[in-house]
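Trainee: One structure follows; several queries about it will come next.
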Amino acid sequence: MKPLIGITTNHSTNNYGQPLVLLQQSYVKAIKQAGGVPVLIPSLVADDGWDALYARLDGILFSGGGDIGLEHNPGDPHPRIDDVDPLRDSVELSMIHAAASDGKPFLGICRGCQVVNVALGGTLYTHIPDQLPGALDHSYPGNMRTVLVHQVKIEEGTHVAEIFGEPIIKVNSLHHQGLKDIAPSLRVAGHAPDGLVEAIELPEHPFGLAVQWHPEWLTDQERTRNLFRKFVEAAEK
Ligand code: MN
């Protein structure tokens, strides 16, 4: 049986103002291509059902999305903090705490990388251009998702290095927040030329890692398909 990979989701509304569960298909396709069965996780299970869903999933992908609510202490208040979803924060924090302790494989992407760090006790730049002196432009929104805009230097001896097999890779970048203080249990696995951390991992975890860029848009690259394959393989065990 193929492993079930849960993917966390955004909320939105349609043209009539009716609420939607929303997810870019790129995540679903990347998991399918890697041999997993994607299962969308609606944030509405936050108060009831998240744990029953979690127990049935073989791995969790924490996807990209809006910013984390200030009540979870991600960092300083900033007027550009946007698209906060308290239910999504709740589901993701609960699932990260569970997966970090029970060894269920997880992959964080963009917001997913940030929420992993915050869940485990780290902090964020809540708006990089105003808080990280000398920062590169990390925000290439809209149709720039497949454009490689900055390098990431991968740390030797990390799980991320093993997966990508190259010391320096070029990545896309669509984020206005970023990792600041890294949670004590996490190891830095890669950073951008301006020093911003772009990859983290739990060293002793079977597969617990997160990246700040968007690999789900780069599956034309063999090394990126390998990231999703290794994740799904870990979930299969
Ligand atoms: Mn970046």
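All of the numbers you see were taken from the coordinates with simple rules; none came from a lab. Small disclaimer: the values here were computed from a predicted structure and weren't measured. FYI the Cβ positions are ideal-geometry reconstructions off the backbone, even for glycines, and counts take in every protein chain you see.
Trainee: Quick one: Karplus J couplings for region 196-206, per residue in order, coefficients 6.51, -1.76, 1.60, θ = phi - 60°, nearest Hz, x for Gly and Pro?
Mentor: 5, 6, 10, 8, 9, 7, 8, x, 9, 7, x
Trainee: Only counting other Cβ atoms within 10 Å, I'd like I96, I109 sorted with the fewest neighbours first.
Mentor: Working: I96 23, I109 26.
Ordered from fewest to most neighbouring Cβ atoms within 10 Å, I96, I109 come out as I96, I109.
Trainee: Next question. Taking amide H atoms as placed 1.01 Å from N in the peptide plane, list the residues 5 or more away in sequence, or in a different chain, whose amide H sits under 5 Å from that of L174.
Mentor: Amide H neighbours of L174, under 5 Å, 5+ apart: Y140.
Trainee: Sticking with this structure for a sec: With the crude spin-label approximation of a point 7 Å out along Cα→Cβ, what separation in nm comes out for D47 versus H78?
Mentor: Reported label-point gap for D47 and H78 is 3.2 nm.
Trainee: Points 7 angstrom from Cα along the Cβ direction at S139 and K170: gap in nanometres?
Mentor: If labels sit at S139 and K170, their model points lie 2.4 nm apart.
Trainee: Amide H of L124: which non-local residues (sequence gap of 5 or more, or other chain) have their own amide H closer than 5 Å, using H built in the peptide plane?
Mentor: G75, K180, D181
Trainee: Still on this model: If you find the alpha carbon centre of region 171-237 and of region 54-80, how far apart are they in angstrom?
Mentor: 15 Å
Trainee: Right, next: Per residue of region 128-138, in order, report the coupling 6.51 cos²θ - 1.76 cosθ + 1.60 (Karplus, θ = phi - 60°) as ³J(HN,Hα) in whole Hz, putting x for Gly and Pro.
Mentor: Values, residue by residue: 3, x, 9, 10, 10, x, x, 5, 5, 6, 9 Hz.
Trainee: In addition: Taking all pairs of distinct Cα atoms, average 1/r, flip it, and tell me the Kirkwood hydrodynamic radius of the chain in Å to one decimal place. Mind dumping the intermediate values first?
Mentor: Numbers: mean 1/r = 0.0567 Å⁻¹.
One over the average 1/r among Cα pairs gives 17.6 Å for the chain.
Trainee: Step through the residues of region 186-193 one at a time and calculate ³J(HN,Hα) from phi using the Karplus curve (6.51 cos²θ - 1.76 cosθ + 1.60, θ = phi - 60°), rounding each to whole Hz and writing x for Gly and Pro.
Mentor: Whole-Hz 3J(HN,Hα) from phi for region 186-193: 8, 10, 6, 10, x, 8, 7, x.
Trainee: Can I ask one more? Distance cut-off 28 Å, Cα to Cα: go down the list K153/K237; K170/K230; K2/K180; K29/K104; K2/K153; K2/K170 and report the pairs above it. Present the calculation step by step, with values, prior to reporting the outcome.
Mentor: Working: K153/K237 30 Å; K170/K230 20 Å; K2/K180 37 Å; K29/K104 21 Å; K2/K153 33 Å; K2/K170 31 Å.
Long pairs (Cα-Cα over 28 Å): K153/K237; K2/K180; K2/K153; K2/K170.
Trainee: Going by amide H atoms built from the backbone, whose H comes under 5 Å of the H on G208, apart from near neighbours?
Mentor: Residues meeting the amide H criterion: F106, L202.
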